[in-house]
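**Q** Pasting a structure below so you can have a look.
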Amino acid sequence: MMHRRGTTACAALVALTAASVLSATPAHADLGDQLAKLLPSEGASGDHFGRSVAISGATAIVGAYWDDDNGEDSGSAYLFDTTTGQQIAKLLASDGAAWDNFGGSVAISGTTAIVGAWGDDDNGSKSGSAYLFDTTTGQQIAKLLASDGAASDKFGVSVAICGTTAIVGAWGDSDNGVESGSAYLFDTITGQQFAKLLPSDGAWGDAFGLSVAISGTTAIVGAVFDDDNGDHSGSAYLFDATTGQQLFKLLPSDGAEEDWFGLSVAISGAIAIVGALFDDDNGEDSGSAYLFDATTGQQLFKLLPSDGAEEDWFGDSVAIGATTAIVGARWDSDNGDDSGSAYLFDTTTGQQIAKVLASDGAAWDEFGDSVAISGATAIVGAYRDDDNGFDSGSAYLFDTATGQQIAKLLPTDGAASDGAEEDFFGHSVAISGATAIVGAHGDDDNGSKSGSAYLFDATTGQQTAKLLPSDGAVDDQFGRSVAISGTTAIVGAFCDDDNGASSGSAYLFDTTTGQQVAKLLASDGAAYDCFGYSVAISGTTAIVGAYMDDNGGNSGSAYLFDTTTGQQFAKLLPSDGAAYDWFGHSVAISGTAAIVGACEDDDNGDYSGSAYLFDTTTGLQIAKLLANDGAEGDYFGHSVAINGTTAIVGAPLDGDNGFNSGSAYLFDTDIPTPCPGDLDGDNDVDQNDLGILLACYTINDGGDCDGDGDTDQNDLGILLAYYGTDCDAELDDMSLIPSGEFEMGDHYAVGDPDELPVHDVYIDSFYMDVYETTNQRYCAYLNSAYAQGLIEVGGGVVYKAGDSEPYCDTTSSNSYSRIHFDGNIFWVTPGKEDHPMVEVSWYGAAAFANRRSTEEGRQPSYDLDTWECNFSANGYRLPTEAEWEYAARGGEHAPYYKYPWGDTIDGSKANYGGSGDPYESESSQTTPVGYYDGTQTPPGTDMANGYGLYDMAGNVWEWCNDWSGWNYYDSSPYDNPRGPTSGTWRVLRSGSWINNESELRCADRNSDGPGQRRRDYGIRLVLD
């Protein structure tokens, strides 16, 4: 659905001063203050008054393109005095008819207004037209028609005017192909067309002309469906409005497919603004806008709202004045679903100045669908407001002149109480020093169950302030959770709707003044996340739980924020999170340690519960806490608290003293990260490591334990603190592969020539994953990486952020994938959590290895720019081809078997093409990792090899670190060969569910490009 407004500012003719506006409206001195609400004298249901707006000086024009005065949806427009808010005139086309959609676009300059009627039929069905009016009299001056107008051109879909020049867009025109689009320039004195604008590279379906604007001698035209940066990425063009010559083509620096850049455009003097409402920086279809220098065509700034969220459609409308731009976000939900908002920006700095909301905004108003600005006055349309009937529409005037937005606080009433029935005062409490905070999430100051919180002097019991959010609304339940540290309080509102129904929010307040400091929203918030259900704060760090977040149905999450800036800096997810765990149901924080409860986790039985410790400086998980006698239904983790190195976890439904009698557990949280002093990579911190550090002391970084690039006293202290630590104890689901020699290659000469000659190889000891990496484990990595901006998704493919390397496919790009992405989070097809990850590239495997290393405090092995592997790092990596074959053989070297267990194979031993396992009928025929453990159907024996490794034959091909070399075995070194130094393809081993038995041999080799993702490519990592 495409709708455009003419929202131009004509710099030469809109020099309305701030003083003149303020003298007319002295009560409005704050930035973003609403001046008036405009309603037509005869508005009616379905008129969509406010669908287009424009302003010049003291006159505003508002379109109502579905008004019915001249027949159904014939349309109209209204003129208003912006100093009084009074209607001046109603404009109607002299020959208006049903479905003309007169008023679908409007613009004004001085005493001339232009109104588009793209459904008019003078040159054929929906050929379109535009009309000029004198704003002092309301009289029609001229009707404009394209000299070559034709059916379906939709001439008039966008209009703009400056001085004596008008521009009219016709996005359905087909000069450069069907719906390539065009625009026309007219002299407003004579009504004559003097130029037709076409882009130099116009093409089929570009929709050039869907948006237009003009300022002085420069016109801008949007081509929203142009494909330079991908399908429907969009572009805009600058033209000389005196000659019709193209000056520049504008493209955003980070344009991507389906951004719809150019859907809205505006220009004032030397600055142009272009909206891209489907850009995804703040979530899918959150939107953005860009400022350009109109004299050079260079991008100046990218504009993003401070609280942007999925499907806000920020950038759907734009306008610009001397130094202020306004951007509409008609699907923002501060006042209810799709209630809408608009944002003011300083065009000299690109910084947001204020967010404006309708004083009586409500769900579905779509306030911000159209915007315009002139001098110190802005107008915002809300075409689906219902004051005059369903979707009758309205528009609002705002003062843009002065300063910062002021939070709304209700004055305290001293010792008197304003408590009321069902306020639930006391449902949440917290205290710090001499200040206590009490939540009352059922209070009704901002509507039924909008909620509030109160501050008290803990020494006297006297109320010092009542806290209310600046944008509180019905059913927000502000105050459901509260916490306080020093002079900062945090209050959760888990049913707030900014990111969708019950997406949730939290607010920071200064307890000394009662003033709101910031509103916190999850960067990937979505409907029913219940963000803010739990909150905690320590020093300058706050944690907010969102126990219904969906890394799997209601798996939950938590977020860390810097309370000095209000900025999110980490999203916390458990390493083994699963559907319905309710991770984030409770949170607590002390110093650099946070604890998060997951009371419906199932480790000790259904709803037995768990809790997780995190390092707040890195956002990394430190440990998982479980009750030593946990049982089904205990709800361990329902409540948590932490102080220093001691944590307490409540289990209210534990039954030691009777049914649901309850219990609580104390834990020591001083759990070190594994082996930060292990400098030689042998998984022990011992005398060798001390020797390395002392040899490097103050000379180089070879003994760097704290990652600061130096070897100094801090590193010595760290190493000594961990001296004697056995790191092997920290390795879960890994098997030690002892050092040794073996004969590498095809002993039976049944494979390809690249498996020969058989040659001797020596391998140092290492650890290898017992199982292939599962969908669930990789999905947890994706969510963590996405929350930190390390990856992005385009066309269903996951990429390295800002780069072209593909990591993996999701279900929307490949049906074999089991990873889904809904624009906010990744989740696994239910029932496939323990199947091996597929559709993953070598790049995606290396990046996963790095992330796993970082989570355990290890040095990452891969440089993600060069993709070189640092074998001296102590982090995870992909196995070398030699390591993989050595491990696959499981120590069975006499004789050298074809398969990890012997020379024969059948369907009870491995997953291969036609093996007959129960998953053969599915599209991706993987079996769960470790499926062949003796309990499979049909029954078999445990097929772990001699080193305890599963699926070393079949299931999925496993990426190796090496470049592939056809003749590499001819010159392979004896000690720890690592493959050629360069190449085109990377090695894969093991065979897969789709292959025959011969490709499951230990010696069989495969290779592919590192960016390839296929239905049977997976991962298994190693650790030195």
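The values are calculated or read from the model by the stated rules, or taken from the named source; none is laboratory data. Model, not experiment: these values are computed from the prediction. Here the Cβ positions follow ideal geometry from the backbone for every residue, glycine too, while neighbour counts run over all protein chains shown. What goes into the accessible areas is simple: the full protein's heavy atoms, side chains included, and nothing from ligands, DNA or RNA. Shrake-Rupley method; radii C 1.70, N 1.55, O 1.52, S 1.80 Å.
**Q** Of these, Arg1005, Arg1001, which one is within 42 Å of the chain's Cα centre (by Cα) and basic (Lys, Arg)?
**A** Arg1005
**Q** Filter segment 84-116 down to residues that are of a type in the set (S, T, N, Q) and farther than 18 Å from Gly393 by Cα and give me whichever is surrounded by the fewest Cβ atoms within 10 Å (Cβ to Cβ).
**A** The extreme case among them is Ser94.
**Q** Can you say whether Leu303 is under 25 Å from Phe561 (Cα atoms) and of a type in the set (A, V, I, L, M), as far as the supplied structure shows? Give the steps one after another, and end with the answer.
**A** Numbers: under 25 Å from Phe561 (Cα atoms): yes; of a type in the set (A, V, I, L, M): yes.
For Leu303, the condition - under 25 Å from Phe561 (Cα atoms) and of a type in the set (A, V, I, L, M) - is met.
**Q** Scan segment 875-898 for residues that are open to solvent by 20 Å² or more (accessible area, probe 1.4 Å), at negative phi and out of contact with any strand residue (DSSP E or B) (no Cβ under 7 Å at 6 or more places or on another chain) and jot them down.
**A** Across segment 875-898, the qualifying residues are Glu892, Ala894, Pro895, Tyr897, Lys898.
**Q** Would you please name the residue that is modelled with the lowest pLDDT, looking only at residues in segment 420-435 that are open to solvent by 20 Å² or more (accessible area, probe 1.4 Å) and part of a strand (DSSP E or B)?
**A** First, pick out the residues of segment 420-435 that are open to solvent by 20 Å² or more (accessible area, probe 1.4 Å): 420-422, 424-427, 429-435.
Remaining after also requiring part of a strand (DSSP E or B): 425-427, 429-432, 435.
Working: Phe425: 67, Gly426: 64, His427: 70, Val429: 70, Ala430: 75, Ile431: 75, Ser432: 73, Thr435: 80.
Here the answer is Gly426.
**Q** Before we move on, is Ala395 at pLDDT below 70 and within 30 Å of Ile267 (Cβ to Cβ)? Quick ask: steps written out before the conclusion?
**A** Working: at pLDDT below 70: yes; within 30 Å of Ile267 (Cβ to Cβ): yes.
For Ala395, the condition - at pLDDT below 70 and within 30 Å of Ile267 (Cβ to Cβ) - is met.
**Q** Under 7 Å between Cβ atoms, which residue pairs at least 6 apart in sequence (or on different chains) link something in segment 68-83 that is closer than 19 Å to Lys37 by Cα and open to solvent by less than 20 Å² (accessible area, probe 1.4 Å) with a partner that is part of a loop (DSSP other than H, G, I, E, B) and of a type outside the set (Gly, Ala, Ser)?
**A** Qualifying pairs under 7 Å: Ser76/Asp67; Ser76/Asp69; Ser76/Leu92; Tyr78/Pro40; Leu79/Thr135; Phe80/Gln86.
**Q** Would it be correct to say that Gly216 is at pLDDT below 90 and either crowded, with 23+ Cβ neighbours inside 10 Å or more than 16 Å from Gly156 (Cβ to Cβ) (or both)?
**A** Answer is yes for this residue.
**Q** In the set Asp201, Asp206, Asp227, which member is surrounded by 24 or more Cβ atoms within 10 Å (Cβ to Cβ) and out of contact with any Leu (no Cβ under 8 Å at 6 or more places or on another chain)? Give the derivation first.
**A** Working: Asp201 fails: surrounded by 24 or more Cβ atoms within 10 Å (Cβ to Cβ); Asp227 fails: surrounded by 24 or more Cβ atoms within 10 Å (Cβ to Cβ).
The conditions single out Asp206.
For every residue, the table says whether it meets (1) of a type in the set (S, T, N, Q); (2) at pLDDT below 90.
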residue: Thr854; (1), (2): yes, yes
residue: Asn870; (1), (2): yes, no
residue: Thr880; (1), (2): yes, no
residue: Pro900; (1), (2): no, no
residue: Asp903; (1), (2): no, no
residue: Tyr912; (1), (2): no, no
residue: Ser915; (1), (2): yes, no
residue: Ser924; (1), (2): yes, yes
residue: Val929; (1), (2): no, no
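**Q** Just for segment 995-1018: of the residues that are closer than 28 Å to Asp903 by Cβ and part of a loop (DSSP other than H, G, I, E, B), which one is most open to solvent (accessible area, probe 1.4 Å)?
**A** Top of the filtered list is Asn996.
**Q** Which strands (runs of 3 or more DSSP E) sit wholly inside segment 777-854 and have at least 3 residues that are crowded, with 22+ Cβ neighbours inside 10 Å?
**A** Details: elements: 791-794, 797-800, 806-809, 819-821, 826-828.
In segment 777-854, the matching strands (runs of 3 or more DSSP E) lie at 806-809, 826-828.
**Q** Still on this structure, I have one more. Do you know which of the residues in segment 289-314 that are part of a loop (DSSP other than H, G, I, E, B) and either small (Gly, Ala, Ser) or closer than 17 Å to Leu247 by Cβ (or both) is farthest from the chain's Cα centre (by Cα)?
**A** Thr295
**Q** Assess whether Asp970 counts as being more than 27 Å from Tyr862 (Cβ to Cβ) and surrounded by fewer than 19 Cβ atoms within 10 Å (Cβ to Cβ).
**A** yes
**Q** Another question, then. Which fully enclosed strands (runs of 3 or more DSSP E) of segment 452-512 have 2 or more residues being in contact with a Leu (Cβ under 9 Å, 6 or more places away or on another chain) and open to solvent by 20 Å² or more (accessible area, probe 1.4 Å)?
**A** 463-467
**Q** Shifting gears a bit: I need the full set of residues from segment 663-705 which are surrounded by 13 or more Cβ atoms within 10 Å (Cβ to Cβ), more than 28 Å from Ser765 (Cα to Cα) and at pLDDT 75 or above, in order please.
**A** If the condition is that a residue be surrounded by 13 or more Cβ atoms within 10 Å (Cβ to Cβ), more than 28 Å from Ser765 (Cα to Cα) and at pLDDT 75 or above, then Ser663, Ala664, Tyr665, Phe667, Tyr697 are the ones that fit.
**Q** Can you tell me which of (1) farther than 28 Å from Thr981 by Cα; (2) more than 22 Å from the chain's Cα centre (by Cα) is the one Ser817 doesn't meet?
**A** Checking Ser817 against (1) farther than 28 Å from Thr981 by Cα; (2) more than 22 Å from the chain's Cα centre (by Cα), the one that fails is (2).
**Q** While we're on this one: Of everything in segment 340-372 that's among the polar types (S, T, N, Q), assigned to a strand (DSSP E or B) and within 18 Å of Asp399 (Cβ to Cβ), which residue is most open to solvent (accessible area, probe 1.4 Å)? Give the derivation first.
**A** Pass one, segment 340-372, residues among the polar types (S, T, N, Q): 341, 347-349, 351-352, 359, 370.
Checking the rest, the ones that are also assigned to a strand (DSSP E or B) come to 341, 352, 370.
Among the residues that remain, those that are also within 18 Å of Asp399 (Cβ to Cβ) are: 341, 352.
Numbers: Ser341: 0, Gln352: 60 Å².
Across segment 340-372, the extreme among qualifying residues is Gln352.
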